[in-house]
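Derivation of every value follows stated rules applied to the coordinates shown; laboratory data play no part. Keep in mind it's a predicted model, so treat the numbers as computed, not measured. All Cβ positions, even for glycine, are placed from backbone atoms using ideal geometry, and neighbour counts span all protein chains on display.
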């Protein structure tokens, strides 16, 4: 009977081992490898014309500040245009936006999603005018040299590029942990993947494309939320590889409270489940076709969210202690230790300095909220759950 129980647990253990070892390999590679940046002092052969698309749903609180910040780029003014895709904005916000040297595309959908806004805007762009299309969130601020670095990457022959998205705010404990999560993703799924010779993961903003590649990739999206994974897969199926520019910074507002964290994770997990189901056959077929970039993108989709992985391994250790089961305790304890090491070497030092010992108490709340977010997956898969921006909250106790 005990052997039968271990036999039933084996697939779960194999899946957990796959998760931890994949993350460990990516973390170590990220430390040893380098990104695809070239020196900003390099003289480009061409100053490309860039369309910056900013999809925004009810983002009246942050859009003006973002527009003003992103107009200050060190890139020729005649060679980039900001397109604010305004969905459900207040009339006074639209009037204010009209005073800036930008282009505003107003949209209205029965069911709003980011990908609908982007797809609509792509078809509004004049043909053969822009060499690069870039996507930025409504709250994102590009560093002044961001477009210069994007242009240099396209000078090197890249057709799809992901910039380095980092936290704009670390004013609450939740925001600090969210900033850590962002940087861990950058290290594992962008820097680490490039070091291993694979394509970097897209992240939904701070990403740039040749227009035709993006239009073709966007035209085949099926998901409601978290479109970046599916867009990435479509591009890889089309034969494009994705660069990562570690020095091209774009600043993103991090969630500041637990309720928003839980809602956001519900949307992300729903998108991940859709991706796993929809691309199951395609993902494994790419392995036999020799498209390892696309197959690897599917493998990344199988990775459990790290907060949930911590919860599962922690629960496994607890079960091993309660029932004094040495094999379970050793297996789960070892995996938990390796995962902790992986995360530790993936978080940059400047973020470690921002967190105190008492802030780690919040980690248990985040794990609880992450587990509870699973209850909202069905709703998130059927409707758009936007992340509110422009919040002002005091530091979480």
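Over segment 50-275, what is the percentage of antiparallel beta bridges among all DSSP beta bridges, to the nearest 5?
Working: 8 of 32 bridges.
The antiparallel proportion sits near 25 percent.
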*Using Cα-only point scatterers and the Debye equation, what is log10 of I(q)/I(0) for segment 1-93 at each q in 0.20, 0.25 Å⁻¹, rounded to two decimals?*
-0.99, -1.22
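Order by neighbour count: 127, 306, 267, fewest other Cβ atoms within 10 Å first, most last.
Ordered by Cβ neighbours within 10 Å, fewest first: 127, 306, 267.
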*Between helix 258-278 and the chain: long-axis angle, C-alpha atoms, 0 to 90°, nearest 10*: 90 degrees
*Working from Cα positions, state the angle (0 to 90°, nearest 10) between the long axis of helix 292-302 and the longest principal axis of the chain.*
60 degrees
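Checking a compactness column here: for segment 205-270, what do you get for Rg(Cα) / (2.2 N^0.38 Å), N being the number of residues?
Numbers: Rg = 14.3 Å, N = 66, 2.2 N^0.38 = 10.8 Å.
This ratio for segment 205-270 stands at 1.32.
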*residue 220 versus residue 13, label points 7 Å from Cα toward the beta carbon: distance in nm?*
3.9 nm
*For the pair residue 324 and residue 280, how long in nm is the line joining their label points, each one 7 Å along Cα→Cβ?*
4.2 nm
*Which ordering of 31, 143, 194 is given by a fewest-first count of other beta-carbon atoms within 10 Å?*
31, 143, 194
*Among 288, 368, 80: highest mean-square fluctuation, GNM of the chain, C-alpha pairs under 10 Å*: 288
*Using alpha carbon centroids, what distance separates segment 181-260 and segment 120-148, in Å?*
15 Å
*Output the antiparallel fraction of DSSP beta bridges having both residues in the chain, as a percent to the nearest 5.*
25 percent
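Give the shape of segment 50-275 as rounded, prolate or oblate, defined through the alpha-carbon gyration tensor: a ≥ b ≥ c are the square roots of its eigenvalues, a/c under 1.5 means rounded, and otherwise the shape is prolate if a/b is larger than b/c and oblate if not.
Working: a/c = 1.24, a/b = 1.06, b/c = 1.17.
Taking the square roots of the gyration eigenvalues as a ≥ b ≥ c, segment 50-275 is rounded.
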_Sorted by Cβ neighbour density within 10 Å, fewest at the top, the residues 252, 145, 60_ = 145, 60, 252
*Between 0 and 90°, nearest 10: helix 173-186 axis offset from the chain longest Cα axis*: 80 degrees
*Per 10 Å bin, what is the whole-percent P(r) computed from every C-alpha pair distance within segment 60-180?*
10, 38, 38, 14, 1
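Given the alpha-carbon gyration tensor of segment 176-311, what are the semi-axes of its equivalent ellipsoid in whole angstrom, ordered largest first, with each equal to the square root of 5 times an eigenvalue?
Values: eigenvalues 111, 62, 48 Å².
Largest first, segment 176-311 gives 24, 18, 15 Å.
Would you mind giving the average projected area, over all directions, of the Cα convex hull of the chain in nm² with one decimal? Please list the in-between numbers first.
Values: hull surface 83.5 nm².
For the chain, averaging the hull's shadow over all directions gives 20.9 nm².
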